[in-house]
Amino acid sequence: MAKVELRRVSKVYGNKVTAIRDLDLVVEDREFTVLVGPSGCGKSTLLRMIAGLEEITSGELLIDGRRMNEVPPKDRDIAMVFQNYALYPHMSVFDNMAFGLKLRKFPRKEIEQRVREAAEILGLSQVLDRKPAALSGGQRQRVAVGRAIVRKPKVFLFDEPLSNLDAKLRVQMRIEINRLHQRLQTTMIYVTHDQVEAMTMGDRIVVLRDGVVQQVDTPLNLYNNPANLFVAGFIGSPSMNFLTGKLERAEGMVFNSNSFSLPLPPSLAEKCAPLVHRAVVLGIRPEHVMIYQTEKESGLAGPISAVVDVVEPIGNEVFVYFELANQTFCMRVPPEVTLTPGTKISVGFRTEHLYFFDPESEGRLV
């Protein structure tokens, strides 16, 4: 088992392109850490530096307290699972899984034992004689994972391993990789651009943007306490709603946008007192935007008039999109609520779930 430490690690291509900038990160022993962010944010580059497939421009990489910057990939005791499976088409499942062990001159009996143990864990025992062409996408991905398991490495690295699978298989493989971590109790670092994967799999999530760490936290803390505008908008599906306006005093504290004013409750107004007359970005998640029904409804600020634009029923809930201050807002409603495009509605905001951000620095204010 291993603790992975990155100390002020940077990666610069040529003299101009900085992929990773002064990154500090500690992945604890046996932890499942997910690196998430949009395409081009540097997450795969970071994973490849840990694996030794990319050279570190500056900073230090330590595994189990040992500096690894100059250590060749084969000597780092790391196994990597790639996005494209990278299976040998002319070899059977057994031979694909055993190939790395054969190169390292393991005894035949130990190779047999390790491969069959991994196949049992992954449900591949019945297909060990097949070639990759005779396997489904999910089975091929399991073979790629199995090839890593038989190595019994200190650290597993996963580089978007589920991106080539269909939606149902992705869910199934997410569950299997989670079970695998619980069973093996090994340090795992997993890269994905899919924030749903990140939320459902990681003990901790590292949110990256342009090679810079935005926040490192547990899934629920990331969702409930985003550090900045980027994290708030990236984590959550549908994403958080945002609206630019000003906080002002008018018989209490209010948020003023171009088209409406939203009164804030005393508890929130007190927190926002230092922000009076300041431009802010209001954030609220779709589940905290409600159909406004009565003024007596506790904790609901409104009413705000709107017109339904798009309705997306997805079974157990419905996403309703509408225009507000020239911006598209989304709210979640129960399936029994019947709305159609063009319907006039009144909405309210759950004020205990409002966020305020600085429009310039994008940092969280309240």
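With a simple spin-label model that places each label point 7 Å from the Cα along the Cα-to-Cβ direction, the separation between N225 and R179 comes to 3.4 nm. Binning all Cα-Cα separations of the stretch 223-366 at 10 Å, short to long from zero, yields these whole-percent fractions: 12, 42, 36, 10, 0. For the stretch 52-167, pairs of C-alpha atoms spaced more than 25 angstrom apart make up 27 percent of the total.
Sites listed here are trypsin sites (Lys or Arg not before Pro) in the stretch 25-55 whose DSSP assignment is loop and whose Cβ has at most 16 other Cβ atoms within 10 Å: R30. The C-alpha atoms of the stretch 85-153 occupy a region whose extents along the principal axes are 30, 23, 20 Å, arranged from largest to smallest. As a rough guide to protection, the peptides 103-115, 150-162, 325-337 ranked by mean Cβ packing within 10 Å, highest first, stand as 150-162, 325-337, 103-115.
Seen through its C-alpha gyration tensor, with square-root eigenvalues sorted a ≥ b ≥ c, the stretch 1-96 comes out prolate because a/c lies at 1.5 or above while a/b is bigger than b/c.
For the chain, the per residue solvent-accessible surface stands at 48 Å², with DNA, RNA and ligands left out and a 1.4 Å probe.
Under 1.5 on a/c is rounded, so check that first for the stretch 152-286, then, if it is not, pick prolate when a/b is larger than b/c and oblate when it is not; a ≥ b ≥ c are the square roots of the alpha carbon gyration tensor eigenvalues. Taking the square roots of the gyration eigenvalues as a ≥ b ≥ c, the stretch 152-286 is prolate. Summarised as an ellipsoid, the stretch 168-216 has semi-axes of 21, 14, 7 Å, derived from the eigenvalues of the Cα gyration tensor scaled by 5 and square-rooted, with the largest first.
Overall dimensions of the stretch 40-80, expressed as equivalent-ellipsoid semi-axes from the Cα gyration tensor (√(5λ), whole Å, largest first), are 16, 12, 9. Computed over protein heavy atoms with a 1.4 Å probe, the carbon and sulfur contribution to the accessible area of the stretch 227-366 reaches 49%. Lysines near K109 by alpha-carbon distance under 27 Å, same-chain residues fewer than 8 away left out - which ones? Answer for K109, where 27 Å is the Cα cut-off: K74, K131, K152, K154, listed by chain and number. Partners of K271 within straight-line reach, counting aspartates and glutamates whose Cα lies under 17 Å from its Cα and excluding those fewer than 8 residues away in the same chain: E248, E251, E352, D358. For a straight C-alpha distance cut-off of 19 angstrom, the aspartates and glutamates reachable from K16 (same-chain residues fewer than eight places away being disregarded) are E54, E55, D210. The calculated pair-distance distribution of the chain uses every alpha carbon pair, bins of 20 angstrom beginning at 0, and gives 25, 45, 25, 4, 0 percent. When a 1.4 Å probe is rolled over the protein heavy atoms, the share of accessible surface on the stretch 1-135 that falls to carbon and sulfur comes to 48 percent.
Out of all DSSP beta bridges with both ends in the chain, state the antiparallel percent to the nearest 5. Beta bridges within the chain, antiparallel portion: roughly 75 percent. Relative to the Cα centre, the charge distribution of the chain, modelled as +1 at Lys and Arg Cβ and -1 at Asp and Glu Cβ, gives a dipole magnitude of about 1600 debye. Could you let me know the centre-to-centre spacing of the stretch 311-340 and the stretch 219-290, using Cα atoms, in angstrom? About 20 Å separates the Cα centre of the stretch 311-340 from the one of the stretch 219-290.
Can you compute the FRET efficiency between R116 and N15 using 1/(1 + (r/R0)^6), with r the Cβ-Cβ distance and R0 = 45 Å? Round to the nearest 0.05. So the FRET efficiency works out to roughly 0.30. Residues within the reach of a label modelled at A134 (point 7 angstrom out along Cα to beta-carbon, backbone nitrogen below 15 Å), restricted to the stretch 93-115, are 93-96. Positive end of the dipole of the stretch 1-160 (Cβ unit charges, origin at the Cα centre): among G137, H90, P73, the Cα lying farthest that way belongs to H90.
The values are calculated or read from the model by the stated rules, or taken from the named source; none is laboratory data. Since the structure is predicted, the reported quantities are computational estimates derived from the model, not experimental observations. Here the Cβ is made from the backbone with ideal geometry for all residues, glycine too, and neighbour counts use every protein chain on show. When the accessible area is computed, the model is the full protein with side chains, heavy atoms only, and any ligands, DNA or RNA have been set aside. Shrake-Rupley method; radii C 1.70, N 1.55, O 1.52, S 1.80 Å.
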